[in-house]
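What follows is calculated from the coordinates using simple rules that are stated; it is not laboratory data. The structure presented is a predicted model; accordingly, all values stated were derived computationally and were not measured. For neighbour counting, all protein chains shown are included, and Cβ atoms are generated from backbone atoms with ideal geometry for every residue, glycine included.
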Amino acid sequence: MHIAFRYRLLLPLITALLLIVGYPLGFSFWVSLQDYRLTAIEGATWIGIEHYIALLRNNSFWTALRNTLVFVATAVSLELLLGLSLAMLLHRRTTLGRNFFRSILLTPMFITPIAVGLMFRFLLNSQLGVITKLTEAIGLRIDWFSAQNALLTLALIDVWQWTPFMLLLLLAGLEALPEEPFEAARVDGASAWQSFWHLTLPMLRPTLLAAIVIRMLDAFKVYEYVYAITRGGPGESTETIQYHIYRVGFLYYRLGEASAMAYVLIAVILVLVVTLFYSLRRA
Amino acid sequence: MKRFLLKPLLTFALALTACAPMTTTPVAPSPESGPASVQPVTLTVIMEQVPDYDIVAELTKEFEAKYPSINIEFEAMPYDAMRDKLLTSFLASKATYDVIIVDNPWMDEFAKAGFLLPLDDYIAKETGYDFEDFVGPLREIGRVEGKIYGIPYYNYALGLIVRQDLFDDPDYQAKFKAKHGEALQIPTTLEGYLKVAKFFKEQGIHGIAMQPQRGYKVFEEWKNWLYAAGGNLLDEQGNVIIDNAAAQKALELYITAYREAAPPSSLNWGFDESLRAVAAGEAATMISYNWMLPTLNKPDGPAGNLAGKFALYEVPGGKAVLGAWHWAIPKNTASADAAWTFIAWLTSKETDKQRVIKGGAPIRISVMKDPEVWQKGFGQQYYETVLKILEDAEPLARGTRAEEIINEVGTFLNSAVAGSMSVNDALKAAAEKTREIINRP
């Protein structure tokens, strides 16, 4: 009776999840198995896994996936590095004006990404951009949106906007760490680096894992910067997977194909997250 | 199970319906019965948030005064939001929008999908409407498989916008003559354009503010070069010819112009950037929408002190890319007759003349030839040039998959400009992709 009651309490949540997560997931999978075009919904026919097979030969899709992986890896690792360094700095009681910097550093996070994209489109513009003028003043002539640099530029914009998020999480993690092990280490004569490497990092691991996974999932969704600045160009060099899926699904109305792409993306993300989880947990 | 679900759902839906305001009644004047209708109708009109919309919204007050039973509600939004919203409205059992505007790459797609109402009968019954007065190529965009689905709203054909003061400058003229042995003139061929553009670059001002941004923009700009070189996307039989010799020449010259005469590192430039460059006096020419001329020449416009120094010409080669918006009525609207009343009034000769005088982009021949429009608008020369441009213009792309073709070909073109693909490879790939898109079931 008790068990039954326990499960009955879960029922509203399970129902809600089924409706808002299960149904769209199931429906989009069903759509991915059909020749489903928004301009001819009634003519949609069952084609099985044909879309998935076609994806194997679809170079644009794999280019977009590769671009996204490069973007995520670059952006998240830089954010982690910067975020952790800043968090360590702001965690030190001796840092001057740390409360002021804490609030100032968080501001980029509050701007909507599409506005950030538009801002940087003009800040980095070769003729009109302030940043370009400043770098030229010190003798650096960088073509931010060339075929070679554009993806890195977008990743750097992401770093500008989302390092604060990493900082926020890691700072909270640092502040939650117990004092005693550090005091003991100091008594034992450990250097700052030793106590960072042997104490801070291992104890911070759960927070690090959470921060990386959250940022990674978020970075996979990159769309706004691409849309506002490069539209996927030059060529396909900044075509990210979300932008690609958007184009196929909502610009060309080929929803079946777009759904199949989304499913492959889910699979890739799942593999990545599970691998990351296991490797960090085991370590 | 189905019945179990159906009942509460229906009750819920009915409850929602009961909550909805009862302001609109789907009864409207029909062409036979004339405008006199007793029951009020509210028409929801989807619009793109551009200056032309402001003019239409202003004029609509006169319409509402004349037809008190028809109330117009505009929903204006940015371009990129429109395609999704339109489709959602088409697929709903009852249309969200009773009057819509359709961009030219969407016309065949929407008409052939059965989303739009044919307007031939309405046009035939409208006295004094003079449909033939719309410029031919604009009229043709609205015609799909012999039926008319769209009435022109405004054009965005491309023209060559130049800094006339630079071309007229005696110093530049002398230098050009000394270098090339000919007078510095508005270019009428691609080779001539390149020569002039390079010359200005040597004088310290960028020759062309180009728009090689991937997708739509590069395709829209380059297709003018393609026409000038004698090429096209498809031949008259519908074969893909975008990889022929003319296309090769057009792309090679376009890339040379980008490398030697455009602002450096402008590979991701679109409309905004090139307009700013020209308005800021950094570039001597650009290929852009013909109605950008009045904007640039407006004393309180973006060009500041340079206002009044710009002039509009036909693009080199003469034949221009034609873009246009059309009014259309969705098949699933309950107020088709009222929707037509609004469209017919707005696009009538009289109202259209007012619209153009207020700065709207012209669509009717009679309006462009009207001395009153010349005088109150932007002058005789401007309207005559626009008419010339429109008469010799061809849409960006046609067919049900125009949007996809434009974007995909635009990707390869941008790759070629970026140097990551050779001209030959890019055009071959573009042709192959276009064939694949066209032949897809």
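Here are the numbers for the structure shown:
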| read-out | value |
| --- | --- |
| Angle between chain A longest axis and helix A:113-123 axis [Cα atoms, degrees, rounded to 10] | 70 degrees |
| In Hz, Karplus ³J(HN,Hα) per residue of segment B:247-264 (6.51, -1.76, 1.60; θ = phi - 60°; x = Gly, Pro) | 5, 4, 4, 4, 6, 4, 5, 4, 5, 4, 4, 4, 6, 10, 9, 9, x, x |
| Amide H contacts under 5 Å for B:LEU116, placed H, 5+ residues apart | B:LYS331 |
| Average beta-carbon neighbours from other chains, 10 Å sphere, peptide A:121-127 | 6 |
| Fraction of alpha-carbon pairs over 32 Å apart in chain B - percent | 43 percent |
| Gaussian network model of chain A, springs between alpha carbon atoms under 10 Å - residue of A:VAL271, A:VAL213, A:VAL21 with greatest fluctuation | A:VAL21 |
| Mean Cα-pair separation over length for chain B, i.e. relative contact order, pairs under 8 Å, 6 or more apart, % | 24 percent |
| Value of relative contact order over segment B:130-251, rounded to a whole percent, pairs C-alpha under 8 Å and six or more apart | 11 percent |
| Per-residue average of Cβ from other chains inside 10 Å of B:260-270 | 5 |
| Share antiparallel - DSSP beta bridges, the protein assembly as shown, percent rounded to 5 | 65 percent |
| Residue order, fewest to most beta carbons within 10 Å, for B:VAL45, B:VAL315 | B:VAL45, B:VAL315 |
| Förster radius 51 Å - calculated FRET efficiency between B:ASN239 and B:GLN185, Cβ distance, rounded to 0.05 | 0.90 |
| Under 5 Å, built H, 5+ apart or other chain: amide partners of B:ALA280 | none |
| Helix axis angle, B:190-202 relative to chain B longest principal axis, alpha carbon, degrees | 70 degrees |
| Under-5 Å amide H pairs with B:VAL315, H placed in peptide plane, nonlocal only | B:LEU160 |
| Listed residue pairs exceeding 30 Å between alpha carbons, taken from B:LYS309/B:LYS388; B:LYS217/B:LYS433; B:LYS112/B:LYS353; B:LYS198/B:LYS369 | B:LYS112/B:LYS353; B:LYS198/B:LYS369 |
| Centre separation in Å (Cα based) which lies between segment B:94-122 and segment A:88-138 | 46 Å |
| In sequence order, calculated HN-Hα J values of segment B:105-114 (Karplus, 6.51, -1.76, 1.60; Hz; x Gly/Pro) | x, 9, 4, 4, 4, 5, 5, 5, 6, x |
| Length-normalised contact order of chain A in % [C-alpha pairs under 8 Å, at least 6 apart] | 30 percent |
| DSSP-defined beta bridges in chain B - what % are antiparallel, rounded to 5 | 60 percent |
| Gaussian network model of chain B, Cα within-10 Å springs - most flexible of B:LEU91, B:LEU427, B:LEU138 | B:LEU91 |
| Footprinting exposure proxy for A:TYR23, A:TYR252 (fewest neighbouring C-beta atoms within 10 Å first) | A:TYR23, A:TYR252 |
| Between helix B:79-91 and chain B: long-axis angle, C-alpha atoms, 0 to 90°, nearest 10 | 30 degrees |
| Using θ = phi - 60° and Karplus 6.51 cos²θ - 1.76 cosθ + 1.60, couplings along segment A:25-32 (whole Hz; Gly, Pro as x) | 5, x, 5, 5, 5, 4, 5, 5 |
| Alpha carbon centroid spacing (whole Å) that separates segment A:215-283 from segment B:260-306 | 35 Å |
| Selected from B:ASP98, B:ASP243, B:ASP84 as most flexible by GNM, with chain B as the system and alpha-carbon contacts under 10 Å | B:ASP84 |
| Residue-averaged beta-carbon neighbours from other chains (10 angstrom radius) around B:417-429 | 2 |
| Residue order, fewest to most surrounding Cβ atoms within 10 angstrom, among A:THR132, A:THR163 | A:THR132, A:THR163 |
| Euclidean distance between Cα centres, segment B:324-401 to segment B:143-163, Å | 8 Å |
